[in-house]
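Below is one structure, written out as structure tokens; the observations come after it.
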Amino acid sequence: MKSKPNIVIFNPDQWRGDVMGHLGNHAAATPHIDEFVSSCAVSFRSAFCQNPVCTPSRCSFMTGLYPHVRGHRTMFHMLHAEHGEKNLLSVLRENGYTVWWGGKNDLVPGGDDFLKYCDVKFNPHDAAFLKRHGISAVQKDSHTDSESWRGPAGGDNYYSFFRGLLTPSRPGEQYIDSDWCSILGAADFIRAASGDGPPFCIYLPLSYPHPPYAVEEPFFSMTDRGRLPPRITAHKDRGPAILSAIRERQNLRGWTEDRWNELRAVYYGMCSRLDRQFSIILGALKESGTFDNTMIFLFSDHGDYTGDYGLVEKAQNSFEDCLTRVPLIVKPPADTDIVPGIRNGLVELVDVSETIFDILGIDPGYDRFGKSLAPLFSRDIPFRTAVFCEGGRLTGETQCMERESPSSADTRQLYWPRVSLQCDDSYPWHGKAMMCRTERFKYVLRLYEEDELYDLARDPEEITNLCAAPAYAGVLAELRNTALRWMVETADIVPRRTDRR
């Protein structure tokens, strides 16, 4: 390799791993991503996150550490540079990269100076940028403009996160929000980057397809409602108790299948919008002549219920595949041997940063638990025997209740059905738990509730708990041993710098 490759990290929020056309979902309109995989990238069919909510997952894949290693288990425990917690962006800067960050945070403390981690923190409201692109106004985020579409409190849309069709504030204009601005800003940066300058890393932690479920045309109409795969219907007696309580509070029991399909189609449209935005980044790379020598990563932090099990949004200690399985697509530099297409082996998001460190020959200065995906670029071979995800908290662990969130007590907040339960110790709603998943089986160890075991070959919807089934006693024992071994192996990392006695 003549020079260090550039890096693009295209990182949507809450994209389910099954909403992509090339993986067999005929309702998913993702033509640009599908062509990208067929021509020059690999897509991992069985990629799993390490926590089913944003911040813990991001802290994990940006370090190669599991959430429990340093206690990153909530939305309010970020990576702290002053505690010696490096992340992929800061490591790349230390190794000569210019880092451009456009999008949300959910990674480092909000009061930090972002320039500790990147060279450019893009501002979507920058006047010069808006003028250059002829943008008259940036639309409000759906979370902050919720009263107009949720309907009355007590209604069956109030906690549904379903908004539907977005329209621009001025008729005839294109709908532009902060995600669109970040895409346009990243494309500007790529086109302006000098071939003689340092290598760059573009980090795009976008907001879509995180609910509220809302999207503009033409993406709103792209999904054929009649081709949507069957929804996993509600099963009130499966899983942890918090799911039944959230389902009761979200008040969606009376929804018809047509309403569910409209919500799901809008979510699919949000993914189609991301597909189009991804193509803009690819176009900028090709236009600037940097495409070949750029490593490209597309992956999400976690998934979304999107109506499965009668729920919307997500939960912090539940591990269904719709929450834990995510898209993961990688294009290595052009001088790397690759056979484009789909890989079927189990992989984890902690493998992302390790792949980058491996290809660049970087030692970030601490021990990690990821595995480089490079051996899978040219062939489809078994990779991991099991993948892991974790969440929840101990009883009395008040710092993990997320009381900082307005949703913890205010019933007007969209997240109140879930977050208020996380603050309640009258029952272990938010009990600590972890998932151990192999190709065929999923085992969930719950500290305060019944463990779960599913035979995914016979029960892909994860409905029948087999923990008490005599025929599966051997499987259960083996998975419990696998989980124990993983926890012992990953319990901590010892600092490399030793102290004088």
- line: Here the qualifying pairs (Cβ atoms under 6 Å; residues six or more apart or on different chains; first in segment 233-257 and surrounded by fewer than 20 Cβ atoms within 10 Å (Cβ to Cβ); second β-branched (Val, Ile, Thr) and in a loop (DSSP other than H, G, I, E, B)) come out as His235/Ile463; Arg238/Ile463
statement: Residue set Arg458, Arg497; condition without any contact (Cβ under 8 Å) to a residue 40 or more places away in the chain, in a loop (DSSP other than H, G, I, E, B), among the basic types (Lys, Arg) and more than 25 Å from Glu320 (Cβ to Cβ); output residue Arg497
task: Go through the residues of segment 50-57 one by one and say whether even a single one is β-branched (Val, Ile, Thr), surrounded by 24 or more Cβ atoms within 10 Å (Cβ to Cβ), assigned to a helix (DSSP H, G or I) and under 19 Å from the mean Cα position of the chain (by Cα).
output: no
- prompt: What is the number of the single condition among (1) open to solvent by 60 Å² or more (accessible area, probe 1.4 Å); (2) in contact (Cβ under 8 Å) with a residue 12 or more places away in the chain that Ser426 does not meet?
  reply: (2)
message: Going by what's in this entry, would Val37 be described as farther than 16 Å from Ile7 by Cα and in contact with a helix residue (DSSP H, G or I) (Cβ under 8 Å, 6 or more places away or on another chain)?
response: yes
task: Determine, yes or no, whether Glu354 is under 28 Å from Arg163 (Cβ atoms), touching a residue at least 24 places away in the same chain (Cβ under 8 Å) and surrounded by fewer than 24 Cβ atoms within 10 Å (Cβ to Cβ).
output: no
task: Report, by residue number, each residue of segment 133-157 that is assigned to a loop (DSSP other than H, G, I, E, B), among the hydroxyl-bearing types (Ser, Thr, Tyr) and more than 24 Å from Ser221 (Cα to Cα).
output: Ser136
field: Which listed residue, of Ala128, Ala137, is out of contact with any helix residue (DSSP H, G or I) (no Cβ under 8 Å at 6 or more places or on another chain), over 30 Å from Gly64 (Cα atoms) and either at pLDDT 95 or above or basic (Lys, Arg) (or both)
entry: Ala128
query: Take the residues of segment 107-117 that are open to solvent by less than 30 Å² (accessible area, probe 1.4 Å) and over 20 Å from Ile190 (Cβ atoms): which is nearest to the chain's Cα centre (by Cα)?
result: Leu107
query: Where residues in segment 71-84 are touching a helix residue (DSSP H, G or I) at 6+ places or on another chain (Cβ under 8 Å) and open to solvent by 20 Å² or more (accessible area, probe 1.4 Å), which of them is nearest to Lys432 (Cα to Cα)?
result: Arg73
Number of positions in segment 470-501 that are open to solvent by less than 100 Å² (accessible area, probe 1.4 Å) and touching a strand residue (DSSP E or B) at 6+ places or on another chain (Cβ under 8 Å): 8
field: Enumeration of residues in segment 405-429 that are farther than 26 Å from Trp149 by Cβ and charged (D, E, K, R)
entry: Asp424, Asp425
message: Is it the case, given these coordinates, that Val444 is assigned to a strand (DSSP E or B) and either open to solvent by less than 70 Å² (accessible area, probe 1.4 Å) or at pLDDT 95 or above (or both)?
response: yes
- prompt: Limited to segment 277-325, what total is found for residues that are under 21 Å from Val99 (Cα atoms), under 18 Å from the mean Cα position of the chain (by Cα) and surrounded by fewer than 24 Cβ atoms within 10 Å (Cβ to Cβ)?
  reply: 4
message: Condition (residue is at positive phi and at pLDDT below 95) applied to segment 249-266: is it met by at least one residue?
response: no
field: Evaluation of Leu466 against (1) surrounded by fewer than 16 Cβ atoms within 10 Å (Cβ to Cβ); (2) free of Cβ contacts under 8 Å to residues at least 24 places away in the same chain; (3) not in a helix (DSSP H, G or I) (one fails), failing number
entry: (1)
message: Can you tell me how many residues within segment 159-172 are buried (at least 19 other Cβ atoms within 10 Å of the Cβ) and of a type in the set (Ser, Thr, Tyr)?
response: 2
- prompt: Quick one: what pairs do we get from segment 18-32, first residue touching a residue at least 24 places away in the same chain (Cβ under 8 Å), second surrounded by fewer than 18 Cβ atoms within 10 Å (Cβ to Cβ) and of a type in the set (A, V, I, L, M, F, W, C), C-beta under 8 Å, 6+ apart or different chains?
  reply: His22/Ile342; Leu23/Ile342
field: Residues located in segment 173-211, provided they are open to solvent by 10 Å² or more (accessible area, probe 1.4 Å) and in a helix (DSSP H, G or I)
entry: Ser178, Trp180, Leu184, Asp188, Phe189, Arg191, Ala192
query: Within segment 32-65, which residues are closer than 22 Å to Ala81 by Cα and aromatic (Phe, Trp, Tyr)?
result: Phe61
task: Check Glu439 against each of (1) modelled with pLDDT of 95 or more; (2) open to solvent by less than 50 Å² (accessible area, probe 1.4 Å) and name the one condition it does not meet.
output: (2)
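The values are calculated or read from the model by the stated rules, or taken from the named source; none is laboratory data. Please read these numbers as outputs of a predicted model, since none were measured by experiment. Note that we place each Cβ from the backbone using ideal geometry, even for glycine, and neighbour counts take in every protein chain shown. Note: areas computed on protein heavy atoms with side chains; ligands, DNA, RNA excluded. Shrake-Rupley method; radii C 1.70, N 1.55, O 1.52, S 1.80 Å.
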